[in-house]
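Colleague: My questions will all concern the structure given below.
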Amino acid sequence: MYGRVVGVTVLGVGGHLVTVEAHVGRGLPSLTLTGLPGAAVNDARDRIRPAVEGAGLEWPLRRVVVNLAPGNLRKEGPGLDLPVAMGVLAATGQVPGTLLDRYAFSGELSLKGELTTTPGVLSVAIAAARARLDGVVVPAPNALEAVQVEGLRVVGAASLRDVVGFLKGSWEPPAVEVAGVSSPPASTVDFSEVRGQAQARRALEVAAAGGHNVFMIGSPGAGKTMLARRLATILPGLSRDEALEATQLHSVAGLLCGEGVLRARPFRAPHHSISLAGLLGGGAAYLRPGEVSLATHGVLFLDELTEFRRDAIEGLRQPLEDGRVVVTRAIGSVEFPARFTLVAAANPCPCGFEGDLRRHCMCPQHRVEQYRAKLSGPLLDRIDLRLRVPRLTRSELLGGEAGEASEVIRERVQAARDRQIARYGSLGVACNAHLPGPVARRQVRLAPAAEELLARAVESLALTGRGFDRALKVARTVADLADAEVVQAEHLAEALSYRDGFEEEDVARVG
């Protein structure tokens, strides 16, 4: 007796079709899995029989062999529970085979035969659509994410009994509506709550408009965390493609919690004790996305940057440069998207008060140097905006007029992003920060005074090639916020002022 169904295994963030073949023959009752199953798939041997019997179906008291093809592809995750069970039911003639080749099956089974929430269902649906299958059969809580893939029928089933009823024609699955991404939920924080910090507010507006990374240094209580948490409120809304990619990553990580699609840009703020695998991705038995990937199309906030592990911090170089991270382990190698806006914050010294006008720093010089040496030059060179966040004054703390609301700032940011999309649409680039260096040098037009200022800045700031390109891209963003076609000297001066001490007053000495 033989049965065959289509399953999907998720490796990294991508889904791969798996042909599940079941053979029921002579021998002592047993279930054998072949075809390079991972640990979670091997665990299914103890779940599937109770699940089938719990659904009121018959488990064959014979030797059952299930092959997962192709044999050279490692099968991971609990999503193969359902296709393995359906393969056995098809081999024993308990379900008809008319629809088995036209649908992909994915879902984890409980011992009672219920289908539970399963990670990676959006990747399963994308793989099924690429294979031109008619639809997917998934757990009911995951149907909202699977339905985001166009041209695919989604069957959301609550139990194995429902799946059998669908194949026999005795149960009709409920319709699933597609959730939109155009209306993000209201934020609980707003930029109007920030007092003072005009330079930091402006820097975050530039960062949001161009997708630039930010590093804030300041004394404890200066407002670094408060500012960082409000950056996401001034970012433009997610496009559908961005929402699907971010949702796919959260689905693989099992973080959707029943949501169909992410409507707000992610904001991730891991603790400084996080491991290398937790930040960049990985795992011993199953390669999962890390925080840099979960923050894709959103904000990654690293508070107390100098307290993070050195290998974790240095591991940020590739995602900051390429927008992706490649995780290689003994079990395999996968690539995750990692296109995020980094906001990092740190104190200027171990005690936190170096340079503070009101409190004296008690740190010996050698300790200050050791503290700052935790951040390498190559890493800092990949951060576009570096600024000091000073202590708030008494008048700022006691009140005064509220600052601009996030909605007002977001309108300017959106207008600047629209200009960049119109300019780089043919290049497939969404914002200035994502421009490759050589392209930035061709695309950014400088006024004569700005060219002279940049030439002087190369010497005074000892700009590297990467630093030169990033200064150009920040200047282009400042010009976009001013709706200027050509980068003027004042735009470049503001961009350079965010790089270690080059002041805007230097414009007055040009020409």
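The values are calculated or read from the model by the stated rules, or taken from the named source; none is laboratory data. Since this is a predicted model, take the numbers as computed values, not measurements. Using ideal geometry, Cβ is built from the backbone for each residue, glycine included, and neighbour counts are taken over all protein chains shown. Ligands, DNA and RNA are excluded from the accessible area calculation, which covers all protein heavy atoms including side chains. Shrake-Rupley method; radii C 1.70, N 1.55, O 1.52, S 1.80 Å.
Colleague: Counting alpha carbon pairs within less than 8 Å and at least 6 residues apart, what relative contact order, in whole percent, applies to the stretch 144-266?
Modeller: Here the relative contact order equals 34 percent.
Colleague: Here's another thing I want to ask about it. Quote the relative contact order of the chain in percent (integer), defining contacts as alpha-carbon pairs under 8 Å separated by 6+ residues.
Modeller: This gives 13 percent for the chain.
Colleague: Further question: Please name which of Thr32, Gly169, Ala447 has its Cα lying farthest along the dipole of the chain towards the positive end, using unit charges on Cβ (Lys, Arg +1; Asp, Glu -1) and the Cα centre as origin.
Modeller: In the chain, that residue is Thr32.
Colleague: Moving on. What fraction of the Cα pairs in the stretch 96-235, stated in percent, has a spacing above 17 angstrom?
Modeller: Roughly 69 percent, rounded to a whole number.
Colleague: Work out the FRET efficiency for Leu397 and Leu73 from their Cβ-Cβ distance, taking R0 = 60 Å, and round it to the nearest 0.05.
Modeller: 0.50
Colleague: Helix-only estimate, please: 222 nm mean residue ellipticity of the chain, summing -39500 (n - 2.57) across DSSP H runs of length 4 or more and dividing by its residues, to the nearest 500.
Modeller: -10000 deg cm²/dmol
Colleague: Something else about it: Could you work out how much longer the chain between Ala285 and Glu321 gets when fully extended? Use 0.36 nm per residue separation minus the Cα distance between them, nm to one decimal.
Modeller: 10.2 nm
Colleague: Among Val154, Pro438, Leu57, pick out the residue whose Cα is farthest towards the positive end of the charge dipole of the chain, where Lys and Arg carry +1 and Asp and Glu carry -1 on C-beta, about the Cα centre.
Modeller: Most positive-ward Cα: Leu57.
Colleague: Moving to a separate point now. Tell me, what ³J(HN,Hα) does each residue in the stretch 6-17 have, in order and in whole Hz, if you take phi through Karplus 6.51 cos²θ - 1.76 cosθ + 1.60 with θ = phi - 60° and put x for Gly and Pro?
Modeller: 10, x, 9, 10, 9, 10, x, 10, x, x, 10, 5
Colleague: Just to confirm the filter: which GluC sites (Glu not before Pro) across the stretch 1-90 are DSSP coil and have at most 15 other Cβ within 10 angstrom of their Cβ?
Modeller: When the GluC sites (Glu not before Pro) of the stretch 1-90 are filtered for loop state and at most 15 Cβ neighbours within 10 Å, Glu58 remain.
Colleague: Of all DSSP beta bridges located in the chain, what percent are antiparallel, nearest 5?
Modeller: Around 45 percent of the beta bridges assigned by DSSP in the chain are antiparallel ones.
Colleague: If I model a spin label as a point 7 Å beyond the Cα along the Cα-Cβ vector, how far apart are those points for Asp483 and Gln370 in nm?
Modeller: For Asp483 paired with Gln370, the spin-label model returns 5.5 nm.
Colleague: Please compute the net charge surrounding Val439, taking Lys and Arg as +1 and Asp and Glu as -1 over other residues with Cβ under 12 Å from its Cβ.
Modeller: +4
Colleague: Please compute, over every Cα-Cα pair in the stretch 102-165, the percentage with a separation greater than 17 angstrom.
Modeller: In whole percent, the share of Cα-Cα pairs in the stretch 102-165 beyond 17 Å is 31.
Colleague: In debye, nearest 20: dipole of the stretch 360-469 around its Cα centre with unit charges on the Cβ of K, R (+) and D, E (-)?
Modeller: Computed charge dipole of the stretch 360-469: roughly 320 debye.
Colleague: Summing +1 for each Lys or Arg and -1 for each Asp or Glu, what net charge is found among the other residues whose Cβ lies under 13 Å from the Cβ of Glu485?
Modeller: Within the 13 Å Cβ shell, the charges total +2.
Colleague: Okay, next question. In whole percent, and with a 1.4 Å probe on the protein chains, what portion of the accessible area of the chain is carbon and sulfur?
Modeller: 51
Colleague: To continue, here is another question. Report relative contact order for the stretch 106-151 in percent, whole number only (criteria: Cα-Cα under 8 Å, sequence separation at least 6).
Modeller: 42
Colleague: Then there's this: Taking the solvent-accessible surface of protein heavy atoms with a 1.4 Å probe, what is the per residue accessible area of the chain in Å²?
Modeller: Normalised by residue count, the accessible surface of the chain is 43 Å².
Colleague: Out of residues 5 or more away from Gly281 or on other chains, whose amide H comes under 5 Å of its own, with H placed 1.01 Å from N in the peptide plane?
Modeller: Gly290, Glu291
Colleague: Sticking with this one: Report the semi-axes of the equivalent ellipsoid for the stretch 48-91 in whole Å, largest first, where each axis is √(5λ) for an eigenvalue λ of the Cα gyration tensor.
Modeller: Working from the Cα gyration tensor, I get semi-axes of 21, 13, 8 Å.
Colleague: Hey, another quick one. Work out, step by step, the length gained on full extension between Ala158 and Glu259: first 0.36 nm times the residue separation, then minus their alpha carbon distance; give nm to one decimal.
Modeller: Stretched fully, the Ala158-Glu259 segment lengthens by 34.7 nm.
Colleague: Same structure again: Between the stretch 277-325 and the stretch 204-272, how far is it from one alpha carbon centroid to the other, in angstrom?
Modeller: Measuring centre to centre over Cα atoms gives 14 Å.
Colleague: Using the Cα atoms of the chain to build a convex hull, what is its mean projected area in square nanometres?
Modeller: Its average projected convex-hull area is 27.3 nm².
Colleague: Take the Cβ-Cβ distance between Arg26 and Thr117 as r, set R0 to 30 Å, and report the resulting FRET efficiency rounded to the nearest 0.05.
Modeller: It comes out at approximately 0.20.
Colleague: Top to bottom by accessible area (1.4 Å), largest first, where do His272, His360 land?
Modeller: Sorted by accessible area, descending: His360, His272.
Colleague: I'd like the distance between the alpha-carbon centres of the stretch 101-136 and the stretch 430-477, rounded to an integer number of Å.
Modeller: 48
Colleague: If you don't mind, another one. How large is Rg over Rh for the stretch 191-240, taking Rg from the Cα atoms and Rh as the Kirkwood inverse mean of 1/r across Cα pairs?
Modeller: 0.98
Colleague: Can you tell me the dipole magnitude for the stretch 251-360 around its Cα centre, using point charges on the Cβ only (Lys, Arg +1; Asp, Glu -1), in Debye to the nearest 20?
Modeller: 220
Colleague: Now for a separate question. In the chain, which helices (entire DSSP H runs) extend 15 Å or more along their own long axis, judged by Cα positions, while averaging at least -0.5 on the Kyte-Doolittle scale?
Modeller: Qualifying helices, which must be both long enough and hydrophobic enough, are 81-91, 198-210, 448-460, 465-481.
Colleague: Shifting gears a bit: Hand me the GluC sites (Glu not before Pro) from the stretch 166-268 located in a DSSP loop with no more than 10 other Cβ atoms within 10 Å, in residue order please.
Modeller: Here the sparse-neighbourhood loop sites are Glu177.
Colleague: Restricting attention to the stretch 1-84, which trypsin sites (Lys or Arg not before Pro) occupy a DSSP loop and are surrounded by at most 11 other Cβ atoms within 10 Å?
Modeller: Of the trypsin sites (Lys or Arg not before Pro), the ones in loops of the stretch 1-84 whose Cβ has at most 11 other Cβ atoms within 10 Å are Arg26.
Colleague: Work out, step by step, the length gained on full extension between Thr188 and Glu459: first 0.36 nm times the residue separation, then minus their alpha carbon distance; give nm to one decimal.
Modeller: 93.1 nm
Colleague: Given Cβ point charges of +1 (Lys, Arg) and -1 (Asp, Glu) and nothing else, what value in debye, to the nearest 20, does the dipole of the chain about its Cα centre take?
Modeller: 1060
Colleague: Something else now. List the residues whose amide H sits under 5 Å from the amide H of Phe105, counting only those 5 or more places along or on another chain, with H placed 1.01 Å from N in the peptide plane.
Modeller: Amide H to amide H, under 5 Å and 5 or more residues apart or across chains, Phe105 pairs with Val6, Gly7, Val8, Val137.
Colleague: Which one of Ser192, Leu256, Ala131 is farthest out on the positive end of the charge dipole of the chain, using unit charges on Cβ (Lys, Arg +1; Asp, Glu -1) and the Cα centre as origin?
Modeller: Value computed over the given set: Ala131.
Colleague: Next question, about the same structure. Gly38: net charge of surrounding residues, Cβ under 11 Å, Lys/Arg +1, Asp/Glu -1, itself excluded?
Modeller: Result for the neighbourhood of Gly38: 0.
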